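The values are calculated or read from the model by the stated rules, or taken from the named source; none is laboratory data. Everything quoted here is computed from the prediction, not taken from an experiment. Neighbour counts are summed over all protein chains in view; Cβ atoms, including those assigned to glycine, are modelled from backbone coordinates with ideal geometry. Accessible surface is based on the protein model in full, side chains and every heavy atom, while ligands, DNA and RNA are left aside. Shrake-Rupley method; radii C 1.70, N 1.55, O 1.52, S 1.80 Å.
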There are 2 protein chains.
Amino acid sequence: MARHRRGGDLLRLLLTLLLAAALLLAPAAAEPEPEPEVAPTAPPQDASEEASDAATQHQQQHILPRPLVIELPSAAATAAASELGGGGEDSVSGDEFPPEVRCASWRLASEANNLAPWGAVPAECAAHVREYVTGAAYRSDLELVAMESAAYARAAQLGGDGRDAWVFDVDETLLSNLPYYADHGFGAELFDHHKFDEWVERGEAPAIPSSLQLYKEVRELGFKIFLLTGRTEGHRGVTVDNLENQGFHDWDKLILRVAADRKKTATTYKSEKRKEMEAEGYRILGNSGDQWSDLLGSSMSARSFKLPNPMYYIP
Amino acid sequence: MARHRRGGDLLRLLLTLLLAAALLLAPAAAEPEPEPEVAPTAPPQDASEEASDAATQHQQQHILPRPLVIELPSAAATAAASELGGGGEDSVSGDEFPPEVRCASWRLASEANNLAPWGAVPAECAAHVREYVTGAAYRSDLELVAMESAAYARAAQLGGDGRDAWVFDVDETLLSNLPYYADHGFGAELFDHHKFDEWVERGEAPAIPSSLQLYKEVRELGFKIFLLTGRTEGHRGVTVDNLENQGFHDWDKLILRVAADRKKTATTYKSEKRKEMEAEGYRILGNSGDQWSDLLGSSMSARSFKLPNPMYYIP
């Protein structure tokens, strides 16, 4: 068993992460806005700010606090990669399992919500993740989740009072940002808010086909549809257009982050919004999201569906 | 998109399952005990009954109610397999994804808690599951979960009052029943209570090495250790002996099902037991289990760790 030596690696990783966090927070502390909580990850949906004007928005991004967002420097990502058990010369479990096995374990652990918050795909798993999301496995995984979701939706007993609801996340749930990530290392690169916002503002994210079919079926079954996204109000227009031009129509509400939500984790923000739905008399029977923070927390759905996403993590 | 035709397959599957359940429940209804709830799965841990005498117990198993346990006949398992999207002549997505991809999706969906309750590994995935659990991937997955668990345990702030607790499930979490499942299709065969009880009563289940190391570390860190298992009180002696002879020592409490728990789902039973722990002043900081029913429900742990298990499902 190599876990004790791995423990040493982990300690080094944690120290590296703390150091990185301290370095990143130091300038933030000098800004007028309150210091964001430490949450070492890079959630794309939460990256943009309130301003609807893109140029203003880009300028503001360095002034406004960035909730949940701390970029991990490449060094930390590399440390994370060697922590995973391979790559580096001093790798411990490298002899025990080949990289492909280790990276499959990493991806499975992520999908089962076993990992601590992470900021980038471990360097040694960049190729594994690229092959996964561009290959048949990702599509197959998405289709099976949609099949299970649809079977559950069909079997659900609706109240007939128009109060049965299904919650959908947007990014990597209904719309795919794969074209963006294809140009940026599929999650292995340092997250770039400016470039991601430019991508979002193009409004060209394609539908995930199996999700579109599920969406239509859930709607036809009579569910109220709530789209609950980490995107901000500033991106409402482009998000509506993107959803519409990809075939998503007739949702009941599109909920985006407002200023007051900016410091909240996605888990907190989305739990609060689900609680509001319940307070309005809705019964949340289904919830589809690619992040556990879409699904866990309070006011949880009767049943949740976790779509695969090995490219980024949002707390 | 083939989901509509798959929908037809699903309908046939559901009808088959309902028919199978009706056939299985029909004789049960004639028994003196109340009819068990319909819960189409075959949980090994819950299979045995109260009697400590093995012979008596085996006789009783056909008289006492079997909570949660409805064996799926092979026909249903086959239907489930073709529902998965392949195998059969009229398979829809068979052309789209090869069986290996479909079975990997099935296993991932199971680990991410996306599947409806299932009673047996789909026939077309029997080889996939066998290769997984007997190969490096399963060990690697187990080790990574243990590493993440240990890192979390080390970072946790203990109160110093002896009230910080870690909950471990037993089967497929601390002890492995792989030798038994190796003789019985790795979850693809119809579950046989008699034979599984005989295996349990031999007390020869080996430790999962990474779990044993985690167990020791968690204990040394000062956590109170609660073993919370679906095994029944009738198996207390053999379970204690098996755990001890595999290196698990000094737990604080071993909680097994009593008669009053027999009709409860594992989720309900384990939630109630966690609630009792909280009522006694314990803070449950960690929880390790191979079933989502070990982890979800109420009085949930601050953080949960899902060990892989593609061989059976317990609601």
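Just the projected area, averaged over all directions, of the convex hull on the alpha carbon atoms of the stretch B:188-315: how many nm²?
Mean shadow area of the hull around the Cα atoms is 8.2 nm².
Would you please give the FRET efficiency between B:Leu221 and A:Asp241, computed as 1/(1 + (r/R0)^6) with r the Cβ-Cβ distance and R0 = 60 Å, to the nearest 0.05? E between B:Leu221 and A:Asp241, to the nearest 0.05, is 0.70. Placing a label point 7 Å from the Cα of A:Glu278 along the Cα-to-Cβ direction, the distances to the matching points in the other copies come to 1.3 nm, shortest first. Of A:His249, A:His235, the order by accessible heavy-atom surface (1.4 Å probe, DNA, RNA and ligands excluded), from most exposed downward, is A:His249, A:His235.
Simple rule: put +1 on each Lys or Arg Cβ and -1 on each Asp or Glu Cβ in the stretch A:189-239, find the dipole, and look at A:Leu214, A:His235, A:His194; the Cα lying farthest toward the positive end is A:Leu214. Relative contact order of the stretch B:194-315: 20 percent, from C-alpha pairs under 8 Å at least 6 residues apart in sequence. The alpha-carbon atoms of the stretch B:109-176 define a convex hull whose volume equals 133 cubic angstrom per residue.
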